[in-house]
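The values are calculated or read from the model by the stated rules, or taken from the named source; none is laboratory data. Predicted model, so just to flag it, every value in this text is computed and none were measured. Cβ: placed from backbone, ideal geometry, glycine included. Neighbour counts: every protein chain shown.
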Amino acid sequence: MKLPKWLRWLRWGRKWEAEVSTRPRHIYAEKDGHVLDFDWYPASPRRQPVKDDIVIIYVHGGGFSEGSPREERYIQFARRLAEAGYPVAAITYRLTMKGLSFSCDQEVSIKRGAFRAAAEDIWDVTRYLTGEHVTLGLDNPQIVLCGSSAGAEAVCCAAYWPDPELPAGFRYAGVIGMAAAVLELAWITPENALPMLLYHGIDDPWVPYATAPHHYCTPDQPGYLLLHGSASITARLAELQKPYTLVTGTTGGHGWADKPMFSHLEEIIDFLEEEVGKKSFRQRTWETDWR
């Protein structure tokens, strides 16, 4: 007999709470009075990554002011990737805009500082993973950055910010962004361009699909800061003849910051297998509606 829906949700909720409390957790830094850590989702022993050890750093959204990797949707996403053979480090990071305005009345220097702080935390996680790879059961970690909304902006900044604080010779293996943007297109160069899989709603009211001011501020406002969204990033990659996939949501707005984690997982796995694992060169764009 099928259980009532409310009882199924109750049982799932208890299972989720138990997993949050028992999930392996690693502290990677302590900054500004905050302990920063990540939940570790080891790859399922049933499947192995295509090449070396492809590891995913996942960065949650929340406008640099809220959110947690322990939210149910992020746990489900990380578990599904791990079950497919790709270990995940779902991180906490400094939420520097907590309690502050992040809109047009906020000074640009403070806004840029939020992006920078998140990038620095991602670099710290990267150093931890490369330094502790044996402890984590990894041979030769190939790190892919993945994020949603503010997390997608953070991973793009971490991937391309000039002079990153990373081990000498280190290079990320790829970027997956859901409603992503970068502060400067010129940061993406022939030398550092990475394979990218980007999802973005063309009608996103928060993170611009192409190039537009943050929160669509006007030039006379203190918070006027240009952001370059997924369409502009992939245009830059096309100019440089580098691999990319851009999936444009014709409807759905900012919902594309979450939707791919559940409705497009096969495409994400394909990207990890082909562009990252096999180094396949593909330049792809397509549109899809919200369904």
Inset, instruction - Being closer than 17 Å to Ala186 by Cα, touching a Ser or Thr at 6+ places or on another chain (Cβ under 6 Å) and surrounded by 16 or more Cβ atoms within 10 Å (Cβ to Cβ) is the filter here, so list the residues in the range 211-236 that pass it. - result: His228, Ser232
Inset, instruction - Consider Trp123 carefully, then state whether it is over 28 Å from Arg284 (Cα atoms) and at pLDDT 95 or above. - result: yes
Legend entry - Which listed residue, of Pro69, Pro45, is free of Cβ contacts under 8 Å to residues at least 40 places away in the same chain and crowded, with 22+ Cβ neighbours inside 10 Å: Pro69
Legend entry - Criterion: aliphatic (A, V, I, L, M), at pLDDT 95 or above, under 22 Å from Ile54 (Cα atoms) and out of contact with any His (no Cβ under 9 Å at 6 or more places or on another chain) - qualifying residue of Leu237, Leu265, Leu246: Leu265
Legend entry - Which listed residue is assigned to a loop (DSSP other than H, G, I, E, B), touching a residue at least 60 places away in the same chain (Cβ under 8 Å) and aromatic (Phe, Trp, Tyr), from Phe102, Phe115, Phe170: Phe102
Legend entry - Residue that is nearest to the chain's Cα centre (by Cα), among those in the range 122-144 that are under 14 Å from Thr92 (Cα atoms) and surrounded by 24 or more Cβ atoms within 10 Å (Cβ to Cβ): Ile122
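May I ask you to verify whether Pro190 is surrounded by fewer than 17 Cβ atoms within 10 Å (Cβ to Cβ) and in contact with an Asp or Glu (Cβ under 6 Å, 6 or more places away or on another chain)?
The answer is no for Pro190.
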Legend entry - Elements of type helices (runs of 4 or more DSSP H) contained in the range 218-291, each with 3 or more residues being small (Gly, Ala, Ser), in contact with a strand residue (DSSP E or B) (Cβ under 9 Å, 6 or more places away or on another chain) and within 23 Å of Gly62 (Cα to Cα): 230-239
Legend entry - Options Leu227, Leu197; residue that is under 15 Å from Ser148 (Cα atoms) and of a type in the set (A, V, I, L, M, F, W, C): Leu197
Inset, instruction - Evaluate the following for Ile122: is it of a type in the set (A, V, I, L, M, F, W, C), closer than 18 Å to Tyr172 by Cα and in a helix (DSSP H, G or I)? - result: yes
